[in-house]
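K.L.:
Handing you a structure now.
The values are calculated or read from the model by the stated rules, or taken from the named source; none is laboratory data. Because the structure is a prediction, the values reported are computed rather than measured. Cβ: placed from backbone, ideal geometry, glycine included. Neighbour counts: every protein chain shown.
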Amino acid sequence: MSRALPARMLRAARLDSSLYEEVEADRRSIRQAVVVVLLASAAGALGAWLAGRTAPRVAAEFVEPFVVWLGGSVFAYMVGATFFRGPDTETDYAEVVRTVGFAYTPGLLRGLAFLPVVELPAVGGIVLGVVIVFAADLWVLAAGIVAVRQALDFTTLRAVGTFGAAYVLLWIQIEGLLLFLAAALA
């Protein structure tokens, strides 16, 4: 692991747009993007395991980020480079996949999914791990929007539209695959 990776991950978590521009331009950073997604996946699986989830759920927590990263990047590239294309948009799939990979940095917090219920006087009992995972997922979403914006060289509004459309397309694809598998196994 490069010494630059932890510093890059911190900048990615800070939503530093210059980091996403740097990663977009650095073809060698694909290895680092894979490591970031791998670490986030392992953190999610570890958090699920420590929280006592079943083996299939732990496995899903490990595999899901890779599927969403690669599939979501494909759809973000397709949608962003065609339908939402801006006047300055010049990109390729590799740029999108690198930047979106770094956007998974806040996913490391998913390793805290095991944290128990905490009693708060004003609220009552809350499951701290669930709150942290939800916050981490929102943070990854925000970082993903910044990553797509920088990789596709357009406005934040176009990035939100691209990210949303890519998510819907990925969801349809996954649901279709699950329905197909359920019918095939029935």
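K.L.:
Return the only residue of 81, 60 being in contact (Cβ under 8 Å) with a residue 40 or more places away in the chain, outside any loop (DSSP other than H, G, I, E, B) and under 22 Å from residue 169 (Cα atoms). Full working, then the answer.
P.N.:
Working: 60 fails: in contact (Cβ under 8 Å) with a residue 40 or more places away in the chain.
From the options 81, 60, the qualifying one is 81.
K.L.:
Moving on. Just the residues that are in contact with a Ser or Thr (Cβ under 6 Å, 6 or more places away or on another chain) and either under 15 Å from residue 166 (Cβ atoms) or of a type in the set (Phe, Trp, Tyr) (or both), please, taken from the range 83-100. Quick ask: steps written out before the conclusion?
P.N.:
As a first pass, look at the range 83-100 and keep what is in contact with a Ser or Thr (Cβ under 6 Å, 6 or more places away or on another chain): 84, 96-98, 100.
Those that are in contact with a Ser or Thr (Cβ under 6 Å, 6 or more places away or on another chain) and either under 15 Å from residue 166 (Cβ atoms) or of a type in the set (Phe, Trp, Tyr) (or both): 84, 96, 97, 100.
K.L.:
Is there a residue being over 18 Å from residue 18 (Cβ atoms), surrounded by 14 or more Cβ atoms within 10 Å (Cβ to Cβ), over 18 Å from the mean Cα position of the chain (by Cα) and modelled with pLDDT under 90 anywhere in the range 158-173?
P.N.:
Checked the range 158-173: no residue is over 18 Å from residue 18 (Cβ atoms), surrounded by 14 or more Cβ atoms within 10 Å (Cβ to Cβ), over 18 Å from the mean Cα position of the chain (by Cα) and modelled with pLDDT under 90.
K.L.:
Of the conditions (1) modelled with pLDDT of 90 or more; (2) within 25 Å of residue 28 (Cα to Cα); (3) surrounded by fewer than 13 Cβ atoms within 10 Å (Cβ to Cβ), residue 106 fails just one. Which one is it?
P.N.:
Exception for residue 106: condition (3).
K.L.:
Could you grab me the full set of residues in the range 58-73 that are of a type in the set (A, V, I, L, M) and within 27 Å of residue 92 (Cα to Cα)? Steps first, answer last, please.
P.N.:
Filtering the range 58-73 for residues of a type in the set (A, V, I, L, M) gives 58-60, 63, 67-68, 70.
Correct list: 63, 67, 68, 70.
K.L.:
May I ask you to say which residue of 21, 90 is over 17 Å from residue 143 (Cβ atoms) and either of a type in the set (Asp, Glu) or surrounded by 22 or more Cβ atoms within 10 Å (Cβ to Cβ) (or both)? Full working, then the answer.
P.N.:
Values: 21 fails: over 17 Å from residue 143 (Cβ atoms).
Only one candidate passes the filter, namely 90.
K.L.:
Name the residues in the range 26-47 that are surrounded by fewer than 13 Cβ atoms within 10 Å (Cβ to Cβ) and touching a residue at least 40 places away in the same chain (Cβ under 8 Å), would you?
P.N.:
Of everything in the range 26-47, just one residue is surrounded by fewer than 13 Cβ atoms within 10 Å (Cβ to Cβ) and touching a residue at least 40 places away in the same chain (Cβ under 8 Å), namely 27.
K.L.:
At least 2 residues that are among the charged types (D, E, K, R) and more than 12 Å from residue 108 (Cβ to Cβ) in each: list the helices (runs of 4 or more DSSP H) lying fully within the range 1-55 that qualify. First the steps, then the outcome.
P.N.:
Details: elements: 4-13, 17-25, 30-50.
Those helices (runs of 4 or more DSSP H) span 4-13, 17-25.
K.L.:
Sticking with this structure for a sec: Residue 50 - would you say it is surrounded by fewer than 16 Cβ atoms within 10 Å (Cβ to Cβ), more than 23 Å from residue 167 (Cα to Cα), of a type outside the set (Gly, Ala, Ser) and in contact (Cβ under 8 Å) with a residue 24 or more places away in the chain?
P.N.:
Considered against the rule, which asks whether it is surrounded by fewer than 16 Cβ atoms within 10 Å (Cβ to Cβ), more than 23 Å from residue 167 (Cα to Cα), of a type outside the set (Gly, Ala, Ser) and in contact (Cβ under 8 Å) with a residue 24 or more places away in the chain, residue 50 comes out as yes.
K.L.:
Next question. Any residue at all in the range 129-149 that is surrounded by fewer than 20 Cβ atoms within 10 Å (Cβ to Cβ), farther than 30 Å from residue 26 by Cβ, of a type in the set (Gly, Ala, Ser) and out of contact with any Gly (no Cβ under 9 Å at 6 or more places or on another chain)?
P.N.:
no
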